[in-house]
Amino acid sequence: MSQAAHDYDTDGDEQGFGNSIETIIPRIDIEAFCETAAMATALQDSAYDRRMIRTSVAVSMGGIGKASSMYQETSTPHLLVIETKQTGLAIFDELEALAQVCDPDTKVIVCGPSNDVTLYRELKRQGVDEYIVSPAAPMQIIEAISTVFSDPEEAPIARTIGFVSVKGGAGASTLSHNCAAMLATSEEKEVILVDLDMQFGTAGLDFNREPVRSVVDALGSIDELDDVKLQRLLVEHDDYLSILAAPSSLEVSSEFDESAVVEMIEIVRRSADYVVFDIPHIWTPWVRSAILQMDEIVLVSTPELAALRNLKAMYDLLVQRRPNDSAPRIIINQVGVPKRPEIAEKDIVEIVGAEIEMVIGYDAPLFGDASNHGQMLKDVNARHETVAQLADLNQVLANRSGALRTKRGGAGQGAAKVKEFLSGLRSKLSKKQVVAD
């Protein structure tokens, strides 16, 4: 058993584990032996977390006694998670039998009822890698595993932010590009914008660049992709912002291996402080995996019935699949299009069951000029309300405090006709989950 370098902190959140986890656990085998059903359930739940996508987890009952017996005839895995009901010195008597059969390179996490700093320090001194007070929550387990397998010499990884349109043309690409540019300027830190819309990506157009290589080159040789090769694929926009563009070609396949996409995301994260992903409006396994790996998800919708249906479906699915992460943020874009019936914000909130982060008004001259001239919104009109809104959004996405300037105008046109649609939609959504287009 090896010694970890993580000190127990009685003032930390939840048994000393207080830092957010922004990395994927390495590809390891984890075997757990529990004494209580609560701990077994927590371990099983942790296995479904996005950060554990690479791991293989097996949970058994029986505690240290069963583990000691089993490994007399087989090798131990990369990580053993052992629960004990014992307290004080009795724990060491149980661990002595396990130590006789445990491989030298196996990491060990012990879970027990004692919340005792002296016990923790003695366990660490004896070679136990981490100790968790049981019963533990899934995130406490994941954070303990992350601590055990972290490399203190490895540079911090980037915060990932994914923008997704719930309906084609909702404007997630434009918002993601502008947020990436503004984030690089305001934070003065390295930001990478990754355009995953292989056939119709617009990052090159919006930044007036013609990249020779693209994200497909990264995915096509994922086994060879490292920090050096990644830098060759990036297009530098300024001192802080780089772009990994899409080929924007109809000849490119839209099918990619899920594991390759996850691996690419992890490699890109090691090369910047923030990575903003422009995620296409398609629902394939690799797109779903990419979305689930984001630290922050921004769902961009328009105030229309079809968009609302998709927003509800995607929001519910992501909340269900990411129980240990913050809920997706919702932006209602293009509000106030002349003569278009629109669903009011309060109705959207009622049906989706979540608050709206931001409402962005429709402004054809602002967005049209920026798009047609390869400029950012700030370059067209730095004093525009939308620019101020996106600046505030970036403060939140960068994990900083900041109040959003939410624009409320322009919604609620054609209310009578829309309410007729809403009545039927509420009925359908209450009976079954609707799959996004």
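Laboratory data are not the source of any read-out in this text; all were calculated from the coordinates shown. This structure is a prediction, so every number in the text was calculated from the model and none was measured. Because the Cβ atoms are built from the backbone with ideal geometry, glycine has one as well, and the counts that use them run over all protein chains shown.
The three principal axes of the C-alpha atoms in the range 190-279 carry coordinate ranges of 33, 26, 20 Å, sorted with the longest axis first. Excluding same-chain neighbours fewer than eight residues apart, the aspartates and glutamates reachable from Lys85 by a Cα-Cα span under 15 Å are Glu35, Asp93, Glu94, Asp116.
Fully extending the segment from Arg340 to Trp283, taken as 0.36 nm per residue of separation minus the present Cα-Cα distance, adds 17.8 nm.
Packing here is the average count of other Cβ atoms within 10 Å per residue, and on that basis the peptides 70-77, 360-367, highest first, run 360-367, 70-77.
Starting from the Kirkwood Rh over alpha-carbon pairs, what translational D in µm² s⁻¹ does the chain have by Stokes-Einstein at 4 °C and 1.567 mPa s?
On the way: Rh = 23.9 Å.
D, rounded to a whole number, is 54 µm²/s.
For the chain, adding -39500 (n - 2.57) for each run of n ≥ 4 DSSP H residues and dividing by the number of residues yields -11500 deg cm²/dmol at 222 nm.
Exactly which GluC sites (Glu not before Pro) in the range 163-193 are in a DSSP loop and have at most 16 other Cβ atoms within 10 Å? Let's see the in-between values first.
Numbers: sites: Glu187, Glu188, Glu190; in loops: Glu188, Glu190.
Taking the range 163-193 and a limit of 16 other Cβ atoms within 10 Å, the loop GluC sites (Glu not before Pro) found are Glu188, Glu190.
Could you list, in their original order, any pairs among Lys339/Lys378; Lys167/Lys229; Lys189/Lys312; Lys167/Lys346; Lys346/Lys378; Lys107/Lys189 whose Cα atoms are separated by more than 26 Å? Don't skip to the end; give the middle numbers.
Numbers: Lys339/Lys378 28 Å; Lys167/Lys229 34 Å; Lys189/Lys312 34 Å; Lys167/Lys346 20 Å; Lys346/Lys378 30 Å; Lys107/Lys189 36 Å.
Those over the limit are Lys339/Lys378; Lys167/Lys229; Lys189/Lys312; Lys346/Lys378; Lys107/Lys189.
With the charge dipole of the range 202-346 set up from +1 on Lys and Arg Cβ and -1 on Asp and Glu Cβ about the Cα centre, the Cα lying farthest toward the positive end among the listed residues Leu230, Ser301, Ala218 is that of Ser301. So what's the angle, to the nearest 10 degrees on a 0 to 90 scale, between helix 37-47 and the longest Cα principal axis of the chain? So the helix axis and the longest Cα principal axis differ by about 50 degrees. Convex hull volume of the Cα atoms of the range 29-148, normalised per residue: 91 Å³. Taking the longest Cα principal axis of the chain as reference, the axis of helix 258-269 is set at about 90 degrees.
Ordering of 44-56, 297-309 by packing is 297-309, 44-56, highest average first (other Cβ atoms within 10 Å, averaged per residue). From the Cα gyration tensor of the range 304-405, with a ≥ b ≥ c the square roots of its eigenvalues, which class applies: rounded if a/c is under 1.5, or else prolate if a/b is larger than b/c, or else oblate? Judged from the Cα gyration tensor, the range 304-405 comes out oblate (a/c at least 1.5, b/c at or above a/b). Charge dipole of the chain (Cα centre as origin; +1 on each Lys and Arg Cβ, -1 on each Asp and Glu Cβ, all else neutral): 2180 debye, rounded to the nearest 20.
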